[in-house]
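The values are calculated or read from the model by the stated rules, or taken from the named source; none is laboratory data. No experiment lies behind these values; they were computed from the predicted model shown. Note that each Cβ is placed from the backbone with ideal geometry, even for glycine, and that neighbours are counted across all protein chains shown. When the accessible area is computed, the model is the full protein with side chains, heavy atoms only, and any ligands, DNA or RNA have been set aside. Shrake-Rupley method; radii C 1.70, N 1.55, O 1.52, S 1.80 Å.
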Amino acid sequence: MLASLASAAPLASYYVLVSNSSGFSQQQNGLDAQKLNAQFVTMTANDSCTSGAQACVGGAFAQCIGSSWDLTPCSSGLSCFALPLVTKAGTSLACDTQSDADARFVAAGVQGGITG
């Protein structure tokens, strides 16, 4: 399941920085995705949110409806991660295996796994 962060209200100002960066850098995308994943680790399903926001909460894809997170679990063996885009500036949310997510950050040229 992929979802754009374009409507992620709590992270909107951060996303604008990512999408408006001059020049495409897969490494920068990796760093941006690590920052998002580090933020997601601190979030819980009980946190308030802004309607329309999207995130990964507790390993599940989360959409904010009203002011509450609505979680959609990933399939067995998968967790939700912010991942670096490979063909343009930005990040995406996806259900993926831990090993594939780690490999995507290595391929992007960043160290420290999914959270840096």
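Tabulated values for the structure
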| item | result |
| --- | --- |
| Under 14 Å, Cβ to Cβ, from Gly58 - net charge with Lys/Arg +1 and Asp/Glu -1 | -2 |
| Whole-Hz ³J(HN,Hα) from phi, Karplus 6.51 cos²θ - 1.76 cosθ + 1.60, for region 88-96, glycine and proline x | 7, 5, x, 9, 9, 9, 8, 7, 8 |
| Relative compactness, region 33-98, computed as alpha-carbon Rg over 2.2 N^0.38 Å | 1.08 |
| Accessible area in the full protein assembly, largest first, 1.4 Å probe, for Ser48, Ser25 | Ser48, Ser25 |
